[in-house]
Amino acid sequence: MAAATRRISAFLSRSLTSPPPFLLSKGSVEWTVFSGYGTAAAIENPTTPSVQVNYTQLLINGSFVDSASGYVIAHVAEADAEDIDRAVSASRKAFDEGPWPRMTAYERSMVLFRFADLIDKHTEELATLETWDNGKTYEQAANIELPMISRLIRYYAGWADKIHGLTVPADSPHHVQTIHEPIGVAGQIIPWNFPLLMFSWKIGPALACGNTVVLKTAEQTPLSALYAAKLLHEAGLPPGVLNVVSGFGPTAGSALCRHKQVDKLAFTGSTQTGKTVLELAAKSNLKPVTLELGGKSPFIICKDADVDQAVELAHFALFFNQGQCCCAGSRTYVHESVYDEFLEKAKARALNRRVGDPFKAGIEQGPQVDSEQFEKILRYIRSGIESGATLEAGGERIGSKGYYIQPTVFSNVKEDMLIAKDEIFGPVQAILKFKDIDEVIRRANGSGYGLAAAVFTQDIDTANTLSRALKVGTVWVNCYNVFDAAVPFGGYKMSGQGREKGIYSLSNYLQVKAVVTPLKNAAWM
Ligand SMILES: NC(=O)c1ccc[n+]([C@@H]2O[C@H](COP(=O)([O-])OP(=O)(O)OC[C@H]3O[C@@H](n4cnc5c(N)ncnc54)[C@H](O)[C@@H]3O)[C@@H](O)[C@H]2O)c1
């Protein structure tokens, strides 16, 4: 139904300070035509009644009140298959006929540089939306993530005019050149844990290479990407080059994956959905797919480790972003000689973690993103207790409003327990004891995932042995979560296919064409 726009609501189900002035105020609704209104053919110009929608809360005991679990912060247009089709058509037209691929690489790079400047200028708005949408702390969004995002956009802006092919020597009298061309329309699907960072990882290389994009945000976090996309247009991006659609996976996401006019797909999210995305791509037009999926990353603390430093880093590796990181160090392997000391200190650190209103200064942990994740994490905590792991700290929700979970630590964890196998995606640290290096390599590699790992040691030989033996896309040695724009990121095994960031991401968005021309009277071959 062309004129219909349904609405989905972004819920902020947590205790927060009052909404920033530039956002829709709590409970306000814009009037729109809703689907199912009359018959499709008759609704070219639907009547807009003068009556406003004023009441959207629950009417309980004579008063309009928010739901117990949270309140509405904004209403967002929901894309369905028809909207995806509109977005893909716009993107197709922008690629096939529009100015973007025909602009010089330098002009494209300047648009991206201007965009990066605007991100810096609008850090406060973007970071607020990110916290509002996701629940992560404002300090993390503003001081860590936003600077990473503008840096990454500048990194790819710098690549735009450095993408070129080769001249290739042939065995016969032919002039052979390779041309690196943009692929065309890129469909991109991102998750809710780092909405803006994932937005930048996806659009940065795609646009630098001259592609056009349809990007679907996660249904939990639609707000910040829309704001950033507006800034990109302000920076000079022509219409149709970047289309941002909010919507649900099985409808909008699936329509994007199946679309035959989409030339390439890039997906970040769960391994299960990654399999679906790959299948839909194969069944439609066999578009190439890059996948950045889940993980169960081992953090290995060797016998010579400085325990205080190891505790702090392992804590950061797991609890950062409320534990909602695909590369969270969620299996903490500790050598038996330092195990007891590590455990006591890890427990104390978790108990000291400052959990609370993510807009307040000094808070380390906000709420989980939504009720589904919240319930799932609590189920995993129960499963940890039932399977015989020792609950050392936490284990409960905090308060009765908002999705806050106590920083939780389990010891005596064994590989056959669900908490050691599955991606919990929450503030739950699982500590396992090991005796020797060969054993920990075997156990660390025993997972179906292979996204990241950390090695904590003062011995260069141990670091080298482990770095080479671990079947993962990133090994952090005596550090964690270092996400420079130039450093590739991606997974082995069920953690994904392909790499993002760095020069590796460029090849995801380029076709290589060989052009072969006969040479007549060549001066040289
Ligand atoms: N690797 C990561 O960065 C990452 C990020 C978020 C979540 N996860 C994992 O995924 C789990 C579940 O989170 P989730 O439900 O938000 O992940 P998900 O895979 O369901 O969602 C990620 C994105 O895929 C879309 N999607 C869902 N179903 C789709 C379909 N059939 N076709 C196309 N697109 C579809 C979603 O709308 C969203 O934009 C988490 O607990 C965590 O384990 C991993």
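The values are calculated or read from the model by the stated rules, or taken from the named source; none is laboratory data. Everything numeric here is computed off the predicted structure, so don't read it as measured data. Note that we place each Cβ from the backbone using ideal geometry, even for glycine, and neighbour counts take in every protein chain shown. Accessible surface areas use protein heavy atoms only, side chains included; no ligands, DNA or RNA. Shrake-Rupley method; radii C 1.70, N 1.55, O 1.52, S 1.80 Å.
In the stretch 423-466, the residue that is farthest from the ligand (Cβ to nearest atom) out of those that are open to solvent by 40 Å² or more (accessible area, probe 1.4 Å) and among the hydroxyl-bearing types (Ser, Thr, Tyr) is Thr465. Scanning the stretch 80-112 for residues that are part of a helix (DSSP H, G or I) and surrounded by fewer than 18 Cβ atoms within 10 Å (Cβ to Cβ) returns Ala81, Glu82, Asp85, Arg86, Ser89, Lys93, Asp96, Arg102, Ala105, Tyr106, Glu107, Met110. The residue that is farthest from Val176 (Cα to Cα), among those in the stretch 485-519 that are free of Cβ contacts under 8 Å to residues at least 24 places away in the same chain and in a loop (DSSP other than H, G, I, E, B), is Val487. The condition (being under 15 Å from Phe319 (Cβ atoms) and surrounded by 13 or more Cβ atoms within 10 Å (Cβ to Cβ)) is satisfied by just one residue among Ile381, Ile385: Ile381.
On the given criteria, is Ala208 touching a residue at least 24 places away in the same chain (Cβ under 8 Å) and not polar (S, T, N, Q)?
Numbers: touching a residue at least 24 places away in the same chain (Cβ under 8 Å): yes; not polar (S, T, N, Q): yes.
So Ala208 passes the test.
Here is the figure for the stretch 256-302: residues that are touching a strand residue (DSSP E or B) at 6+ places or on another chain (Cβ under 7 Å) and basic (Lys, Arg) total 3. In the set (1) touching a residue at least 24 places away in the same chain (Cβ under 8 Å); (2) in contact with a His (Cβ under 8 Å, 6 or more places away or on another chain), Tyr156 fails one condition alone, (2).
A single entry from Val277, Val311, Val334, Val262 fulfils the requirement of being crowded, with 22+ Cβ neighbours inside 10 Å, within 11 Å of the ligand (Cβ to nearest atom) and β-branched (Val, Ile, Thr): Val277.
State whether one or more residues within the stretch 385-400 are at pLDDT below 95, under 22 Å from Gln322 (Cα atoms) and either β-branched (Val, Ile, Thr) or outside the structural domain of Asn134 (by the TED database) (or both).
The first filter runs over the stretch 385-400 and keeps only residues at pLDDT below 95, leaving 399-400.
Then keep just the ones that are under 22 Å from Gln322 (Cα atoms); that gives 399-400.
Subset that is either β-branched (Val, Ile, Thr) or outside the structural domain of Asn134 (by the TED database) (or both): 399-400.
Yes.
Can you name the residue in the stretch 345-378 that is among the aliphatic types (A, V, I, L, M) and assigned to a loop (DSSP other than H, G, I, E, B) and is also most open to solvent (accessible area, probe 1.4 Å) among such residues?
First, the residues of the stretch 345-378 that are among the aliphatic types (A, V, I, L, M): 346, 348, 350-351, 355, 361, 363, 369, 377-378.
Filter again for assigned to a loop (DSSP other than H, G, I, E, B), leaving 361, 363, 369.
Values: Ala361: 87, Ile363: 31, Val369: 6 Å².
So, considering only residues that are among the aliphatic types (A, V, I, L, M) and assigned to a loop (DSSP other than H, G, I, E, B), the one most open to solvent (accessible area, probe 1.4 Å) is Ala361.
Here Ile190 meets each of (1) over 19 Å from His122 (Cα atoms); (2) β-branched (Val, Ile, Thr); (3) away from the ligand (no atom under 16 Å from the Cβ) with one exception, condition (3).
Specify which of the listed residues (Gln322, Gln272) is at pLDDT 95 or above and either within 20 Å of Thr137 (Cα to Cα) or in contact with a Leu (Cβ under 7 Å, 6 or more places away or on another chain) (or both).
Details: Gln272 fails: either within 20 Å of Thr137 (Cα to Cα) or in contact with a Leu (Cβ under 7 Å, 6 or more places away or on another chain) (or both).
Answer to the check: Gln322.
The numbered conditions (1) open to solvent by less than 60 Å² (accessible area, probe 1.4 Å); (2) assigned to a strand (DSSP E or B); (3) among the hydrophobic types (A, V, I, L, M, F, W, C); (4) more than 30 Å from Asp370 (Cβ to Cβ) are all true for Cys479 except (2).
Only one of the numbered conditions (1) on the phi < 0 side of the Ramachandran plot; (2) in a helix (DSSP H, G or I) is not met by Gln322, and that is (1).
Considering the stretch 238-259, and only residues there that are more than 11 Å from the ligand (Cβ to nearest atom) and of a type in the set (Val, Ile, Thr), the residue that is most open to solvent (accessible area, probe 1.4 Å) turns out to be Val244. All told, Glu234 meets the bar of being touching a residue at least 60 places away in the same chain (Cβ under 8 Å), more than 9 Å from the ligand (Cβ to nearest atom) and surrounded by fewer than 21 Cβ atoms within 10 Å (Cβ to Cβ).
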